[in-house]
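The values are calculated or read from the model by the stated rules, or taken from the named source; none is laboratory data. It should be emphasised that the depicted structure is a prediction, and the values quoted were computed from it without experimental measurement. Virtual Cβ from ideal backbone geometry, glycine too; neighbours counted across all protein chains shown. Ligands, DNA and RNA are stripped out before the accessible areas are found, and what is left, the full protein with its side chains, is counted by its heavy atoms. Shrake-Rupley method; radii C 1.70, N 1.55, O 1.52, S 1.80 Å.
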Amino acid sequence: MKEKFDVTGMSCSACSSHVEKSVSKLEGIKTVSVNLLTNSMQVEYDETKLDTGKIIEAVEHAGYGASVKEDGKAAVKAGETEDAVSIQQKNIKNMKTRLIISVIFLMPLMYVSMGHMIYNALGVPMPPLTMKFFHGSENAVIYAFTQFLLLLPILFVNQKYFRNGFTTLARRSPNMDSLIAMGAAAATVYGIFAIYRIGWGFRIGDMELVHQYSHDIYFESAGTILTLITVGKYLETKSKGKTSEAITKLMNLAPKTVTVVRDGKEQVIDAADVVQGDIFVIKPGESVAVDGVILEGKSSFDESAITGESIPVLKQEGDKVISASINKAGLIRARATRVGKDTTIAQIISLVEEASSSKAPIARLADKIAGIFVPTVIGIAIVTFILWLASGADFEFAMSCGIAVLVISCPCALGLATPTAIMVGTGRGAEQGILIKSGESLETAHLVDTVVLDKTGTITEGHPAVAAVRMAPGVTEAELLGLAASLEKASEHPLAEAIVRYAEEAGVEVSQATEFAAEAGQGVSGMVSGRKVLAGNQKMMDAQKVTLDGMDAEAGKLSEEGRTVLYIAADQKLLGMIAVADPVKKTSAEAIREMEQMGLDVVMLT
């Protein structure tokens, strides 16, 4: 059985690795995949040996929180999507505020601590005010204490690192926050210690001691660590937001409410409350909420959001309708066959979520490294401290060397960059309508040597247009188009829309048809200005005994060129034919040529 969980308290790859290891040890676990950026975990387990309670208990024992992710059915309830987005936006805003405050105070902190170095490097004299208050051993206390005051707001807005870091350290599951907290705290404490030593130096009149410790202040290091990590966390939070937005856009393809028929009356309910077997109504222009089978009515459906096929598909009684497709014209009554998390759109959303939660091989490697990285760095810092002490160095110097190891090792690009790249890749793909099955698929995409393209809507525009008009002798184009468009105006077929649009653009007058009738698999007929007009294929012309007068040969040529030919006849006489085609996009040839230049084999499959 597969189950998804929300995990709280994770802040780095070491956290996700620790959670993964803790759950993996349980008997009955088949696979575990923990995603840091979505704070989620996907577990496949043997339900005869294990239940969700034990899995949650294992996560909590590791020092984190967990809860079963809500059913996909709940995800389509009205308002929940918006709530998820608003929470994500709130997180982004909070991270942005923390970053702005950190940068605002870091800049003067860096200026006070290292400004004199910049002026010396540029060969420019320092401003008198800076010289008066912050330069020279006599100003050492002001110089150090000013830095401490500028650091305090940075420490305050980023206190989360210290809470999480020391908590996980106490639970013997140190993570990247532990390293950040230890490095920043050590630098801060040592800086405070330096202020006291400076004060003691003034007390005993030892200006050499004052000079030494005015150079051993690491407040700017603590501020820089916290600010740089906050930059990374802000970018990470934004990438989460983009992925959430992409999934939200997919969710919004399906309506939040649907009209169902219960006890003989129509009533509007939440789409999540539709049950299998319900009769529901799809009005013209509405999106389909759940998958179903048409019981009554006929209409064209735009299924491009699901299938990529831009041309609307004609559906009638007995045909299936897909969730998130759009009813173009007629009123439809259908019976629900797949609802909630079983609908087509819900499964696509699930696919995107699973892809963002899945791990690529490189991500699994990063997790393994991160799992041992933090304790290793702490160990190296301790060994460094001990070795310097053993070599005869004084306590303060040995401590500063140990702190240097912690400070330098804080940012972990490998642990952050890998999951971020996968998340951004799958999220950006979803925004562009590209569904990436898994992290592994994304990683191995560079090995692709063949690209298979659909025709309609990919190579072509996806919207039919009139490609050619041929008239019988003695018939004008205006007459042919006028009769054809007047008849086709009553039709819902996409080819009919193309003919009507072409006639209107050509300035041809279009009138109203009466006695309109559609013959399945043949075409349409009706009365236009007192004349019986036919528009259809050769089968219709043969059935109505209309002579083609040799035009079928030219129709064959047009068909070979990928065009759909409609014969137009009036009062048993052929007036001509109209060829409709889906034009090739202007960018297709260039795109295919570029892919071929990349060494890819390009195939059209249609």
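When the charge dipole of the chain is built from unit charges on Cβ atoms (+1 for Lys and Arg, -1 for Asp and Glu) and taken about the Cα centre, the candidate among VAL352, TYR64, ALA336 whose Cα reaches farthest toward its positive end is TYR64.
If I compute solvent accessible area with a 1.4 Å probe over the protein chains, what percent of it on the chain is carbon and sulfur? Result for the chain: 57 percent of the exposed heavy-atom area is carbon or sulfur.
Using the beta-carbon distance between GLU509 and THR606 and R0 = 35 Å, what value does 1/(1 + (r/R0)^6) give for FRET efficiency, to the nearest 0.05? Efficiency computed from Cβ-Cβ geometry: 0.40. Model label points for ALA390 and ALA465, set 7 angstrom from Cα along the Cα-to-Cβ axis, are 8.0 nm apart.
Partners of LYS49 within straight-line reach, counting aspartates and glutamates whose Cα lies under 13 Å from its Cα and excluding those fewer than 8 residues away in the same chain: GLU27.
The modelled label-to-label distance between LYS90 and LEU129, using points 7 Å beyond Cα along the C-beta direction, is 4.1 nm. The length gained on full extension between ALA517 and GLU477, counted as 0.36 nm times the residue separation minus their Cα-Cα distance, comes to 12.0 nm. So if we plug the beta-carbon distance of TRP200 and GLU60 into 1/(1 + (r/R0)^6) with R0 = 45 Å, what FRET efficiency do we get, rounded to 0.05? Approximately 0.40, to the nearest 0.05. Relative protection proxy for 595-606, 51-62, from highest mean packing down: 51-62, 595-606 (other beta-carbon atoms within 10 angstrom). For the stretch 461-604, the per residue solvent-accessible surface stands at 54 Å², with DNA, RNA and ligands left out and a 1.4 Å probe. Rounded to the nearest 0.05, the FRET efficiency derived from the C-beta distance between GLU560 and LEU295 at R0 = 41 Å is 0.55.
Available extension along the chain between GLU317 and ASP549 is 79.8 nm, counting 0.36 nm per residue and deducting the alpha carbon span. Each DSSP beta bridge with both residues in the chain is either parallel or antiparallel, and the antiparallel ones are about 95%. Length gained on full extension, SER441 to ILE269, computed as 0.36 nm times the residue gap minus the Cα-Cα distance: 58.0 nm.
Projecting the Cα atoms of VAL141, GLY53, MET598 onto the charge dipole of the chain (Cβ charges, centred on the Cα centre) puts VAL141 farthest toward the positive pole. Residues in the stretch 585-606 near a label at ASP449, defined as backbone nitrogen under 13 Å from the 7 Å Cα→Cβ point? Residues 599-602 fall inside that zone.
Seen from ALA581, the other residues with C-beta closer than 11 Å to its C-beta sum to a net charge of -2, counting Lys and Arg as +1 and Asp and Glu as -1. Approximating the spin labels as points 7 Å out from Cα along Cα→Cβ, the MET1-to-SER24 distance works out to 2.4 nm.
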